[in-house]
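Everything on this sheet refers to the single structure shown next.
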Amino acid sequence: MSILFLHKYNISDLQETKKLSEKLGELLTPRDIVTFSGNLGAGKTTFVKFLIQSIVKQEIPVTSPTFNLVQIYETKKFPIWHFDMYRLRDSDEVFELGYEEALSEGVSLIEWPEKMQEFLPKDRLDVIIKTVDVNKRVIEFIPHGEWKNRTPKQG
Ligand SMILES: Nc1ncnc2c1ncn2[C@@H]1O[C@H](COP(=O)(O)OP(=O)(O)O)[C@@H](O)[C@H]1O
Ligand SMILES: [Mg+2]
């Protein structure tokens, strides 16, 4: 198992969240699924924002797709599908959002995966974010399936 997954990360400020999201961004390839769990305000969208910005290499706006539930970002590497399942009423609704297309060709970043647990693939990375205080977080990576074999790029 790679170093990336050995630890829970003790994050002391936004900058460290940004660095960690960039590291994760380097590992992503088409058809990857990363879920984000944690309370409201834990920093799920913030992590996703930094990750997307590091891939497009621009500080584009990234906000929670609270009402549309999904927002797609075209990048040079792959389309990124950012889901926020918080307002999903029925887990079946994910298919109306283009979930199958996301899984087949994009990178899927999913906030509130608990809302559609039954449709999560076995190969995925779960990111759990816990608030410690105003800027401090504990961020934990839990790899499932094929993700257990990923190695981060050095440097
Ligand atoms: N280290 C940190 N990592 C992530 N967010 C942080 C951190 N420190 C402070 N914050 C703040 O916490 C808030 C997290 O909000 P958001 O990302 O929308 O949470 P969520 O999507 O989990 O509801 C933002 O205002 C962000 O600036
Ligand atoms: Mg959010």
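Quick note: the coordinates plus some simple rules give every number you see, no bench work behind them. What you see is a predicted model; the values in this text were computed from it and never measured. Please note: Cβ atoms are built from the backbone with ideal geometry, for glycine as well, and neighbour counts cover all protein chains shown.
If you count the DSSP beta bridges with both ends in region 3-145, what percent of them are antiparallel, to the nearest 5?
55
If packing is taken as the average count of other Cβ atoms within 10 Å, what order do 15-25, 79-89 fall into, highest mean first?
79-89, 15-25
Send over the per residue convex hull volume for region 3-145, Cα only, as a whole number of Å³.
103
Please give the FRET efficiency for ASP13 paired with GLN58, using the beta carbon to beta carbon distance and R0 = 22 Å, rounded to the nearest 0.05.
In this case the efficiency is close to 0.50.
Pop the C-beta distance of VAL138 and GLU101 into the FRET formula with R0 = 35 Å and round what comes out to the nearest 0.05.
0.55
Using only helices, what value at 222 nm comes out for the chain when you add -39,500 (n - 2.57) per DSSP H run of length 4 or more and divide by the total residues, to the nearest 500 deg cm²/dmol?
My calculation for the chain gives -6500 deg cm²/dmol from helical runs alone.
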